[in-house]
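This report refers to the structure that appears directly beneath it.
Please treat every number below as a calculation from the coordinates, not as lab data. For clarity, every value in this text was computed on a predicted model and none was experimentally measured. All Cβ positions, even for glycine, are placed from backbone atoms using ideal geometry, and neighbour counts span all protein chains on display.
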Amino acid sequence: MSEQIDRNSNNQLGSRRKYIPQVLLSIAIILYVVAIEWWFGWLQIFKAWKHVPILYLIVSLILMQMTYLIRGWRIHDFFLPITRGQGMTCCRIMLIHNLLNNLLPFRSGEISFPLLMRRYFTLSLSYATAGLLLLRILDLQVLLGLGFLILLLLEHSNNLGLWGLMLLWLISPLILLFFTPWLKRFSEQLSTQGRLKNLLEHVLLAMPLHFKSLLRSWLFTLICWLSKIMVFAVVLDWFISLHWWETAAVSIGGELSSVLPIHAPAGLGTYEAAILATGKLLNLSETKALFFAAVQLHLLILISTLFGGLIALCLPAQVQFSDKSETNKNGEKEKID
C-alpha cells in the first residue's frame, strides 16, 4: 500500500515538473507584456511598423530563414559521413532546435538537439552533445571576434598589440587540432571506463581532426553570423539612427545573450538588456530609443523563429531506425543506456 502511495506521489511530482517550462514561459510573457506597456505602450510599438515597407519585412524574414538554413548545412557538414545526403533533415533539426532553444528558459532547449540527432540519425547522445558543445564554442569565438574587430575599427586603433591579439583570436580554433593528441593520450591513461573517460572519447570523436574540416566548420559559422548580424543591423536602423558599426555592435551584444546560458524564457528582457549594455559600452546616449529598437528586433526574431518552426514541418526528413544501438561519427554502434 505504501509503495502504491509513493508511486502515485512520484507520478504527481513528475507531472508537475513537466509543466515547469510552460509556467516559466507564461510568467515571462506576462511580465514582458506589462513592462513594455508601462514603458512604451503596445499601440506605439505596432504603429512603428507602419513606417516599414512590407517588402522590407518580407525580405528580412526570408534572409533570417536563410541564416537558419546555413546553420542546418553546418550541422550536415560537421557530422559527416553520418549525415551525407540528408541536408534537409539537418535543416529540419536546426529549425526545431532553434524554436525550442529560443522559447525555453536557461538554454534548456539545447537538450532537444542530441535527442533529435538520435531520432533522425540514431546518433549517440554523448557524441551529439559533444558535437553541439564544439559548435557552440565556434559560435562564441566568432561572435566575440566580430565584436572585438568592430571595437578596434570604432576606436581607429593603431595599436599593433591589439591587432596581434585579434589575429591570435582569429586562429584560436586551431588549438583544437593541437589539443586533440594530448586529450587522446590523457583519455588512454584513464584506466577505468567511467563517465570522464566516456565523455573524453565522445569529445574526441566530435573534434574536427583535420584542418580542412575545421576550416569548413569555422567558415560556415562565420558566414552564418555575418549574414545574421547584417540583417539585424538593417532592422535596427529602421527604428533608430546609428552608424552601421554601432548597430552591428549592439546586434552582437544581443546575440551574445542568446549564446551564453543567461537568457530568460524566449529571451524576454535579457535580449534587450544585452543590447542596452552594449549601447552603454559604446556610450550611446539614446537609451530609450535603443531599447525601443531592441524590442522591435526581438519581436521580429520571435516571429522568424515561429515561422521557421512551421517551415520545419514542411521539410522532408528521413528517420533512421535502430532497435538497440546508436551510431557515432565513425559509423560504430553503441548500446543505448
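In region 66-183, inverting the average of 1/r over every pair of distinct C-alpha atoms gives 16.2 Å as the Kirkwood radius. Determine the sum of side-chain charges near residue 72: Lys and Arg each +1, Asp and Glu each -1, restricted to other residues whose C-beta is under 15 angstrom from that of residue 72. It works out to a net charge of +4. In this calculation the C-beta distance from residue 108 to residue 66 is compared with R0 = 35 Å, giving a FRET efficiency of 0.85.
Determine the distance separating the Cα centre of region 76-119 from the Cα centre of region 227-242; give it in Å without decimals. About 27 Å separates the Cα centre of region 76-119 from the one of region 227-242.
Under 5 Å from the amide H of residue 124 lie the amide H atoms of 327, 328, each residue being 5 or more positions distant or on a separate chain, with H modelled from the backbone and absent for Pro and chain starts. Peptides 111-124, 230-243, 301-314, ordered by how many other C-beta atoms sit within 10 Å of their residues on average, highest first, read 111-124, 230-243, 301-314.
Taking Cα pairs under 8 Å and at least six residues apart, what relative contact order does region 53-319 come out at, in percent? Intermediate values should be presented prior to the final figure.
Numbers: 296 pairs, mean separation 79.4, N = 267.
Normalised by residue count, the contact order of region 53-319 is 30 percent.
Going by a ≥ b ≥ c, the root eigenvalues of the Cα gyration tensor, does region 53-319 fall in the rounded group (a/c under 1.5), the prolate group (a/b larger than b/c) or the oblate group? The shape class here is oblate. Projecting the Cα atoms of 236, 101, 149 onto the dipole axis of region 53-319, where Lys and Arg carry +1 and Asp and Glu carry -1 at the beta carbon, places 101 farthest toward the positive end. For region 210-250, dividing the convex hull volume of the Cα atoms by the residue count gives 52 Å³ per residue.
Estimated from the Cβ-Cβ distance and a Förster radius of 56 angstrom, the FRET efficiency linking residue 84 and residue 283 is about 0.65.
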